[in-house]
Every structure is written in C-alpha cells, then in structure tokens.
Amino acid sequence: MFIVLDLETTGLSPREDSIIECAFIKIDRKTGKEIDRLHSFVNPKIHIPDMISGITNIFDSDVAWSPTFDVLCEEIMDFIEWFPLIGHNISFDISFLESHWVDTSKNPKIDTFFLANFLCPLEKSLNLWFLCDVFGIQLRDAHRAIDDTVATAKLFMKLVWKLQSLTREHSSALYYFFSKAQDVGIHILRDEYLEKKKDAPLLQDIIMQYEKNIKKHMVKISETFQTHDTLNSSDFLSTIQWFEQRESQKIMIDKVDNIFTKWGKILIEAPTGIWKTFAYLIPAIQHSLRFWEPVHVSTSTKALQDQIFYKDLYFLSEHFPHEFSYTKLKWKRNYFSVSQFLQFLELEDKRSSWEISFILKLFFWSMNSEFWELDELDFYGEEYSFLWEIHAWNAFVFDDSNIHKDVEFAVRARRRAKNSNIIITNNHILFQDAISDGAILWEVKNLVIDEAHAIEDVVTSALKKNISYESLHKLLLKIEKKIIKTKIDSIDFMQVKQQILFDSAEIFSLLEWKIFETFSPGAKYKTILLQADDFNTEKQYALLWEKITELLQQVTEIIAALEKNKQQIFAGEVQQMVSYIFVIQESFIKPQFSEYIYYIQHDDNYGTQLNMTVLSPGSFLQSNFWNKLESIILTSATLQMQDDFAYIHSTLQTQWFQTVCLESDFDYTKQALVCIPNDLWSIKNNAEQVVLFLGEFFRVVRGNTLVLFTAFAIIRSVFTALKIELQKEWIYLLAQSISGSKHKQIESFKKNSHNSILLWTDSFWEWIDIPWEDLQYLLIHKIPFPVPSDPIFMARSKLYSNSFEQYAIPKSILKLKQGFWRLIRTKKDSWIVLFLDDRIYTTKWGEKFLSAFPVGIKVRYASSEKILSIFDRNKDEKM
C-alpha cells in the first residue's frame, strides 16, 4: 500500500506556522483504489490569516472545535506506519509533519511533481490544479486537503500509466537513472512499475542509443541563400481579400524600404493596430532578396519573437510572390548542448531526485525538439544550478575537437542563419553578443529593433554582471567535484580554493554589514548604490580583491596545464572565473564611475551580491551599434513624449536618426473612455477608501477586468479584504503571486472572464495578449513611477539637472502609454479605463500624463458614485 497525503497550513514556514487540515489516504499500489482514509481539521491555536482563509476557505470557526495536532499525532503515525508516502511537492508536507513531531524517517517518499517534471516537460505549469486539468481529473475544491489528496492519488496513477507507456529505449534510460537515485522512493517506483531488466543497462549503451536517436532526428540545413534580382511586391497584401489594409501601414512600408535602400537610420512610432511587423518584414524580405544580404529583426520579448517567427513569417512565406528563407537565433545559453549534457551524465554516480528528474526531462525532450531551445521548458528549484552544465555557453561546444559539433544546435543555428534572408533574434542576445568573445551574430548590416521603448532596460539587464560569496563558493565546489571525478591531482587547487573562500568571506562580510546597517531585518528590498567614497575608504579591501583575482587566475592556470581533453571539462567554469575577474577589476580595483553603476544587494536566498552595469545605455549603443550598422529601424507603439522624440533621443543617443510618427486608425473618441474619480482622497493615504471602492466596482462589473498596481502589498490587501465576500457572489479574484502562476491565472480568466478579475502589477502585465471579449475594463491604481531607492534609477538620475522632470516623468509616461496603446486591437473593440491616482489632476505635472492618452479619448472626472453608475449602464448595454 501507499499513503497519499496533503496538508493545509497557516503559512509557508514549518517553524512559525501551523497545520489547519490534514488528509491521508491508503491506496492499493497496483490499482490506486482507496482502502482507508484519515481526515481532520486541526485547531492551530492561532488566528488563521485572512489571506489563507481566502485561498483555502478554512476559517477560525471551522477549526475552533477540532483537535489540536498533538492529539492527532499518534493516530497519524499509526495510520502511515512505514508505508511509502506520496504527495505533490511532498517535501513541503513532510517539513510540516516533522516540525509537528511526526517521524517519517522510515517512510520512503514519492513526489508526483518529480514524475510530472519529466513526463510532462512541455506543460506550462506543474501545479496540482493544472495537471488535474491536463489529465481530466476532477478537483472540486483546490487547496482543501481531502480534495487535493484524492486528486493527487488519481494523478499518481495517471503518471504511472504514462511512465509505463514509454518506449523500450526510454524505459532503459529510466531504469538506469532510477537505479542511480539516492532516494528510496524512486527505487520503489523502478521496482514496482518498470519492467525488470535481466542485465542492468549501462550508461555507455544508453549514451550510444541516445546519440543515434539525436542524429536520426536532425533536419538537413539548407545551404541556399534565397535571392531575386527585381521585385515589385510592396502592395501584395492588397491581393489578399480578407486582409484589412491600413494607410499608416503603407506609409511605414515605404519608409522602411527607403531606409534599407539608402542605408539610413530611423525611429518609427507605430501605434497598435497598423500591423507594424508586416510593415517592416515586407521591405526587409524585399531588400534581402534583392541585395543578397540578411536582415536581422530583434524584439524584447519571447512572445513577440515567437509571433513573428511562427505566425507572421509563416503567413508571408505562404503568400509572398517569391520564396524566401527565415530562421531564429538565440543566445548560446538558450541552446541545449549534446556534448555538455553527455559530460554531465558521466560526472556523477549517485544523484538527487532533482538531478534525476532534470536529466530525464532533457533526455526525452531533446529527442523530439526541433530547435533545442531551453526556454521551451520550465525549470524549478535546484534545476537552475544544473542548467549551466548543459547549455551551449561553453566555448568547447563550437570547437572542432568537439566530436558532437555537427549535432550541436547552437552550431547548426549559426549555419542556418548564414543561409537565411530574415533572422529573428531578441534584444537581450543582441546587446550581450556585442561584447562577447564568441559572438553568434556575425557582422550585422541591416537591423530592425521592435519594442524599442524597452531598449534602455534591456541593455541594463543584458550587460549586468555580478559576484557573490555564494556564487564563488558554488563555482569552486563544482571545480572540486570535477577534479575528484576525473582523478586529477587536487592538492594545489584545494589550497587556492581555501584561500579564495577565506578572503572573499572577509570582503562580503563587510558588504553585508553595510546592508544591515542601512536596512531593518524586515525590509524586502535591500540595495545600496555604491559611491566613489565607498571604494576610497576601503582601500585595504582593494588589496584583498587583487589577491582574489590572482588566486582565480591561478585556478585557470592549473586547468590550462591539464591535457586538452580534460581542459574542456572545465571550460564553463573558466569562463565564469573570467567574468568574476572582470567584475573585480572594473569595480574595487579600478572603478570606472563614468561608465558603470555599482551597487550591492542582499537576498536571503542568494546572499550579498556586488553588481555592475552600464551607466549610459546610449553611449554603449552608439559605440557598438549605431556607428557600425548600415540600416537601422527602431520601432514601437510608444516612442514620443509630448509629440516629440527628445526623451528617447537623449536616452538612446539617436539625435541624428530620422523620425516618423504614424497615426492610429482607431477612433478613440468612440472606442474608449477614461474615468477618474475625484472623491477618493489623496492616493498617498487612501488605501482603505480604494479597497472599499474596488469592492463596489467589482460587484458592478463582476468580471472582464484587469487591475494594475505598482506594489504587491496593495494586491495582498485588496485580495485579503474582498476575496471571500466576492466569492459568495460568484466573483473570483485572481491575484499575482497568490492565485498560482501567470499561465494558470490567464487560463482560469479566459474560461470564466465574465466573473473573474485579475489583480496584477504592471510588470506582470507587460506584453500580455487577452482578447477584448474577455478583457474590457482596465483599472490603474497609481502612476507607475520608478522606485526612488532603486540604485540604477538613482545613478542615472544624476545625469539630469532635474531628474524628476527629465527622467522619472518621461520613463513613467512611456510605461503608461504602453498600457493605453495595447487596449484596443480592432476597430470593433471598446474600452473603459478607470484611473485612481488623483495626482493626474491635482499636480502641474499631471497634465503631462494626460497628454500620454491617445488623441481624442474622452476623459471624465466624477464622483465615485457617478462613475459606478457609468460602468453599471455600460454593463447593461453589453448584456
């Protein structure tokens, strides 16, 4: 028999929180049928937090007369005996049982999450609710122990069936890796559900079969670059009967074509609705075919990159009058590497359940993936620490000595790009590649950057480097593990390693002390911008940094002295050390305050980090892109500020670019309305009034609504205050970081949009695409100003004489404009926007935000009561 279990608790901390409901079900190992159950509410002897009650529907009144856990403890131990325990993310439940004096040390553990992770690698979520939906399992009340336990038991049997349905080749790999597991529960799965092998599979045989399957799966790369002498197809879209042509789109096509022909540079503000991707892709294809040179198209988001590749270019390839080729190219870390993966398999003997699940997920996925892009998968927990072992960042992947080079997709992607007319990439890769020694984007001549409004933030992120004691420690442990495994003399390395850790611990203790001097223990964000004085006053630590640099270089020399086949094992670690040496040299040893921003941040999971990034993205862009490329098109729906491009020019140093602002084809006078209540007091201290107003508003519209906040704290307040009462009226709140993953919330919302409301921050909302039928009302709580204490914002603010007027306001307006320009997608859509920040009409600078609204849009100021009546009428008209 197996025991399936689930607990509901007052929080996430086994030490500080208590159990409020527990459920245990005995099932038959073969059939999964229930044999017996133990279920009870538990009196935690403390108040159940309102947010927990909102999630679980368990209230103080439900548990008031229930037994305390110490009363149930003996009964639970008698029930579970020594049987294997099954749960979804079972480590959470076990941690609570152990902290409540239930000894499970003799019970093997089996996690349905472990199985789902490699059996369902392409699913967007692996939470219990989502997997039950995938497998057609009814889950009546999620986050109730007994219902979750019954669902987990059914899920387990579905996953076992899927496990047993794998091919013979896959089952051999399963048997081998299950046998290498440290966890007894995985051995039970092997013995109970896998076909017993007469002779245990050997890793060598599994690898050999895997290599055969990979080679068989490889698609031949085209060696032909499509060309055509003369073309006249700029208006071919008019031949497609159903295609809605727009005048602004024709103008953009001509402008982009002119830039490519005359080698120019241009900024194009192209409002939503003109299909700007077609407006630059059509002339890009024409130019490539005519002049025998590729055009690179770069975006800021994977969503747009995939849309262009899988939808727009596919559509054009079906309708364009001449054949053309296209591909996509991503950063080396985005690609799975066969050589690195096989090396990872050979380095370990006994493995954790995280490693086993990670290996099997990659093993099965890679034999069926077309592009081997790691972002096709989701990774969890400890898997992130394994990723850098298996991606194509290692220089060895591209070396001729790599016997698997011909099947490395990072290499194949390069070859495919050389023979493609259009290459789709993303801005993060584009900017990182510019400073990379092993660049995967060779000389780019013609470049289109979409979502150009986000370039400043993308450059900042792409060029950020950091170092911490924890990351140094992990790096050195990996090197040590590989040295031991490959039986290399480790005496010299161990001495150097200990000295590095000793010296770096001293330095990072100082940085940590600086953090704790500044922030209270409960502060969520702990970041400090470093000034020149911080370096000057700690000159003795510069000597320590120099010493650490020398020691890291000694490690690289130790590795360089090895035979070449052994050097390649450490290639990734050497690259990481080179990165750390760069951070040290450019910060504490020779800080360059005119070029870089330096700051420290502390996180309970990652410790204290020293970070650095570029101070002026515009200077970087001018040196590495603007002055080197022949044709550049920067486009976005939002580039202007108060009818000019001055802000984007100063940020990106594009003063000498041509500029074009295209008109929207939408009639915002008829299609949209902005309502601003004028009686909710000041946004600075009206949280209580806002919550009350939102409660009334949600009862009026009932659903089809997105609310954007600038902080998670207010989301928690609104959710806690309103969720339970609204649910009684069949109105459901879906809150960021509370109601599951983003994907889960979107799927839930689309299924029940008429009575669902999304509570998100602006960052969660960016680039979401929900049709008008589902999402008709937008509430904006506050103007999305940058956080004043953010070190990057602080450093760049110093570049302006009036940072609020010249930097904070324009940056906020661009973010706000992004929201408005995404509201309406077709001429049939209509929207109502509710704006709750009184500063838009009580301050002088508020007028600048009003100018960010689309031209012609109606803005109505009224009492909250009057505004509610407007929404009430609008709801009636739609019904």
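Peptides 844-851, 688-695, 17-24 ranked from most to least packed, by the mean per-residue count of other Cβ atoms within 10 Å: 17-24, 688-695, 844-851.
What are the ³J(HN,Hα) couplings of the stretch 523-532, residue after residue, when phi is run through the Karplus curve with 6.51, -1.76, 1.60 and θ = phi - 60°? Round to Hz, x for glycine and proline. Once rounded to whole Hz, the list reads 4, 7, 10, 10, 9, 9, 6, 8, 9, 4. Checked against a 22 Å cut-off, the cross-linked pairs 180/330; 30/162; 817/844; 405/628 give Cα-Cα distances beyond that limit for 180/330; 405/628. Ordering of 261-268, 290-297, 630-637 by packing is 630-637, 290-297, 261-268, highest average first (other Cβ atoms within 10 Å, averaged per residue). Of the DSSP beta bridges with both residues in the stretch 2-165, give the percent that are antiparallel, rounding to the nearest 5. Here the share of antiparallel DSSP bridges comes out near 75 percent. The loop-placed chymotrypsin sites (Phe, Trp or Tyr not before Pro) in the stretch 586-642, going by DSSP, that have at most 14 neighbouring Cβ atoms within 10 Å of their Cβ come out as 593, 606. Remark: the stretch 257-271, residue by residue, has Karplus-estimated 3J(HN,Hα) of 4, 5, 5, 5, 5, 9, 6, x, 9, 8, 9, 10, 8, 10, x Hz, where x stands for each Gly or Pro and the curve is 6.51 cos²θ - 1.76 cosθ + 1.60 at θ = phi - 60°. Bridges between two residues of the chain, per DSSP, are antiparallel at a rate of about 40%. Spacing of the modelled spin labels on residue 855 and residue 642, each 7 Å from Cα toward Cβ, amounts to 1.8 nm.
Restricting the GluC sites (Glu not before Pro) of the stretch 41-85 to loop positions (DSSP other than H, G, I, E, B) with no more than 13 neighbouring Cβ atoms within 10 Å leaves 81.
Distance from the Cα centroid of the stretch 624-644 to that of the stretch 24-64 is 57 Å (rounded to whole angstrom).
In this structure, the amide hydrogen of residue 6, modeled 1.01 Å from its nitrogen in the peptide plane, lies closer than 5 angstrom to those of 23, counting only residues at least 5 positions away or on a different chain. Net charge in the neighbourhood of residue 401 (other residues with Cβ under 15 Å of its Cβ; Lys, Arg +1, Asp, Glu -1) is -2. Of the trypsin sites (Lys or Arg not before Pro) found in the stretch 101-160, those that fall in a DSSP loop while having at most 14 other beta-carbon atoms within 10 Å are 106, 124, 140. Quarter the surface of the alpha carbon convex hull of the stretch 2-165 and you get the mean projected area, 9.5 square nanometres. Ordered from longest to shortest, the equivalent ellipsoid semi-axes for the stretch 465-615 are 30, 16, 14 Å, each the square root of 5 times a Cα gyration tensor eigenvalue. Annotation: amide H-H contacts under 5 Å for residue 674 (H modelled 1.01 Å from N, sequence separation of 5 or more, or interchain): 833, 858, 859, 860.
The distance from the alpha carbon centre of the stretch 165-214 to that of the stretch 497-563 is 44 Å, rounded to a whole number. Amide H contacts for residue 83 (H built 1.01 Å from N in the peptide plane; partners 5 or more residues away or on another chain; cut-off under 5 Å): none found.
Pairwise Cα distances in the stretch 668-878 exceed 28 Å for 26 percent of all pairs. Let me know the whole percent of all Cα-Cα pairs from the chain that are separated by more than 50 Å. Of all Cα-Cα distances in the chain, 25 percent exceed 50 Å.
Each reported figure results from applying straightforward, stated rules to the coordinates on display, with no laboratory input. Everything numeric here is computed off the predicted structure, so don't read it as measured data. Cβ sites come from the backbone with ideal geometry, for glycine too, and all protein chains shown count toward neighbours.
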